[in-house]
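Asks: Pasting a structure below so you can have a look.
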Number of protein chains: 2
Amino acid sequence: MLTFFHYNWVVREQWYQWCEEITNDELLRERTGGVGSILQTLFHIIDVEWSWIRMLEGKPDTPENFEDYKNLDKIRQLDEKYRTDIEGFVEAWDDSMEKRPFYDPQPDGSVAMDAWGEVMRHVIAHQIHHMGQLSVWAREIGKKPVSPNVIGKGLIHPETVDEDQ
Amino acid sequence: MLTFFHYNWVVREQWYQWCEEITNDELLRERTGGVGSILQTLFHIIDVEWSWIRMLEGKPDTPENFEDYKNLDKIRQLDEKYRTDIEGFVEAWDDSMEKRPFYDPQPDGSVAMDAWGEVMRHVIAHQIHHMGQLSVWAREIGKKPVSPNVIGKGLIHPETVDEDQ
């Protein structure tokens with residue numbers, strides 16, 4: 001689980017660096033699909049990750065409004081503010097938590113029940129999905145998108161036979 | 001690991017069903033970003049999943065050409081043809097394989113070393129990323145995309161306290 005979160009944080013940082021080369025107007029421009037703009041996508045990824053982890057922790061969510069985060073610096077600051085708490089939770093993850101139930105009140109008054117393992121994978125896939133949208137928008141403005149490759153980022157150190165012995 | 005593969009297969013099937021409502025011309029239309037068209041994206045996802053798993057298995061890859069798979073039925077048949085083999089590998093996955101080295105010859109003559117756990121996550125993220133691209137293209141043609149939600153698909157059955165006792 002941790003490997004995928006590390007992957008997402010590495011790729012997110014690479015998108016921040018990519019954004020440094022783009023004007024703020026372009027980052028805020030309304031686009032087709034997803035949540036509508038590049039910066040709002042980054043905000044949304046941070047916001048959703050934070051909200052779900054807080055809910056699993058049983059801690060109060062602290063909703064933020066995108067109106068207050070409409071430039072790259074503020075987005076990065078928000079991400080940094082949340083990261084330590086999220087990292088602590090993710091690093092303490094163990095497989096015994098996979099099937100723990102999370103009770104999720106629905107807008108219609110019913111209560112859905114998700115497994116914690118589903119919620120964690122939901123958070124992981126959520127970012128990757130939205131980064132795919134960013135990659136299309138990047139091409140639309142004539143820029144090469146950040147690579148989504150998992151391999152080649154040094155996320156897991158392979159054990160060669162010599163090390164095993 | 002298996003949960004994420006199941007997720008991808010469920011979402012892929014939902015995209016196939018989504019495609020049934022779209023003309024083949026629209027599915028083949030060249031688009032900005034990714035690998036260029038909706039059908040070619042689906043082909044690419046199947047192809048990449050198959051190639052990586054075959055390489056991990058130490059079995060020969062069997063390259064296919066998109067020119068031979070330019071409609072939904074043929075794409076589905078290709079997916080079905082590969083699925084049993086891939087499922088067998090994924091279901092036999094255990095954590096002891098995470099750090100096993102995979103030697104990956106590069107175009108420049110060097111050999112990269114990836115961990116098997118990285119390769120598996122690469123395959124998982126690869127599809128999710130490309131589905132994100134499909135979601136933008138879906139909106140461009142005025143259609144609601146398939147939901148990328150992990151929760152709500154019954155992928156993990158939560159254990160309530162009563163069951164634990």
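Asks: Quick one: which residues, 5+ away or cross-chain, put their amide H under 5 Å from the amide H of A:Phe102? H built at 1.01 Å from N.
Replies: A:Asp114, A:Ala115, A:Trp116
Asks: When ligands, DNA and RNA are left out and all protein chains stay put, how many square angstrom of accessible area per residue does chain B have with a 1.4 Å probe?
Replies: With the other protein chains kept in place, chain B gives 47 Å² per residue.
Asks: For labels at A:Trp93 and B:Val10 in the simple 7 Å Cα→Cβ model, what's the distance in nm?
Replies: 1.7
Asks: Tell me the mean residue ellipticity at 222 nm calculated for chain A from its helices only (DSSP H runs of n ≥ 4, each -39500 (n - 2.57), averaged over every residue, nearest 500).
Replies: -18500 deg cm²/dmol
Asks: Between their Cα atoms, which of B:Lys81/B:Lys153; A:Lys143/B:Lys143; A:Lys70/A:Lys143; A:Lys70/A:Lys144; A:Lys144/B:Lys59 are more than 31 Å away from each other?
Replies: Flagged as over cut-off: A:Lys144/B:Lys59.
Asks: While we're on this one: Let me know the volume per residue of the alpha-carbon convex hull for the protein assembly as shown, in Å³.
Replies: 172
Asks: Here is a further query. What shape does the stretch B:21-164 have by the C-alpha gyration tensor, where a ≥ b ≥ c are the square roots of the eigenvalues, rounded means a/c under 1.5, and otherwise prolate means a/b greater than b/c and oblate the rest?
Replies: Because a/c hits 1.5 or more and a/b fails to exceed b/c, the stretch B:21-164 counts as oblate.
Asks: Right, something else. Through the Karplus equation 6.51 cos²θ - 1.76 cosθ + 1.60, θ set to phi - 60°, convert the phi angles of the stretch B:112-119 into ³J(HN,Hα) values in whole Hz; use x for Gly and Pro.
Replies: Karplus values, whole Hz, x for Gly and Pro: 7, 10, 10, 7, 4, x, 5, 4.
Asks: Separate question: Report Rg(Cα)/(2.2 N^0.38 Å) for the stretch B:6-96, keeping two decimals.
Replies: Against the compact-globule rule of thumb, the ratio is 1.15.
Asks: In whole Hz, what ³J(HN,Hα) sequence does the stretch B:67-82 give by Karplus (6.51, -1.76, 1.60; θ = phi - 60°), x for Gly and Pro?
Replies: Running phi through 6.51 cos²θ - 1.76 cosθ + 1.60 with θ = phi - 60° gives 3, 8, 9, 8, 8, 4, 4, 5, 4, 4, 5, 5, 4, 4, 4, 7 Hz.
Asks: Please give the average number of partner chain Cβ atoms lying within 10 Å of the Cβ of each residue in A:108-121, rounded to a whole number.
Replies: Taking all residues of A:108-121 together, the mean is 4.
Asks: Mind listing the phi-derived Karplus ³J(HN,Hα) values for the stretch A:144-152, rounded to whole Hz, using 6.51, -1.76 and 1.60 with θ = phi - 60°, and x for any glycine or proline?
Replies: Once rounded to whole Hz, the list reads 6, x, 5, 5, x, 4, 7, 5, x.
Asks: Can you give me the C-alpha center-to-center distance between the stretch A:1-67 and the stretch B:36-53, rounded to a whole angstrom?
Replies: One Cα centre to the other: 27 Å.
Asks: If you don't mind, another one. Can you give the log10 of the normalised intensity I(q)/I(0) at q = 0.17 Å⁻¹, computed with Debye over equal Cα scatterers of the stretch B:87-165?
Replies: With no solvent term, the Cα-only Debye profile gives -0.95.
Asks: Round to a whole number: what % of the accessible area of the stretch A:59-165 belongs to carbon and sulfur, probe 1.4 Å?
Replies: It is 48 percent, rounded to a whole number.
The values are calculated or read from the model by the stated rules, or taken from the named source; none is laboratory data. These figures come from a predicted structure and were not determined experimentally. Note that each Cβ is placed from the backbone with ideal geometry, even for glycine, and that neighbours are counted across all protein chains shown. Accessible surface is based on the protein model in full, side chains and every heavy atom, while ligands, DNA and RNA are left aside. Shrake-Rupley method; radii C 1.70, N 1.55, O 1.52, S 1.80 Å.
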